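First the structure, in the form of structure tokens, and then the observations on it.
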Amino acid sequence: MRRPSVPSSWLVWCNPFLILLSEYGGGGHESAGTVQMPDEESDKKIAEIIEKLKES
């Protein structure tokens, strides 16, 4: 697979999933993303992320 000649950081932030994760303080790279949050907030925030993914 050929990649365009742009900085890899541009490719990461063109990924809608990683943009969504950044809304929750997370991030990642082309192949993986992560968000860290306090345990007491995790159930609610995970449900929000899942709903947003379903909408897209």
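Using the count of nearby Cβ atoms within 10 Å as a rough guide to exposure, how do 21, 53 rank from fewest to most?
Details: 21 17, 53 11.
The fewest-first ordering by Cβ neighbours comes to 53, 21.
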Practice prompt. Output ³J(HN,Hα) for segment 44-52: one whole-Hz value per residue in order, computed from phi by the Karplus curve 6.51 cos²θ - 1.76 cosθ + 1.60 with θ = phi - 60°, and x for Gly and Pro.
Written response: 5, 5, 5, 4, 4, 4, 4, 4, 5
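How much length is gained if the chain between residue 39 and residue 52 is pulled fully straight, taking 0.36 nm per residue apart and subtracting their Cα-Cα distance, in nm to one decimal? Don't skip to the end; give the middle numbers.
Numbers: separation 13, 0.36 × 13 = 4.68 nm, distance 2.03 nm.
Length gained, residue 39 through residue 52: 2.6 nm.
Bear in mind these aren't lab numbers, they're just calculated from the coordinates by the rules spelled out. Model, not experiment: these values are computed from the prediction. Positions of Cβ are backbone-derived with ideal geometry, glycine not excepted, and every protein chain shown enters the neighbour counts.
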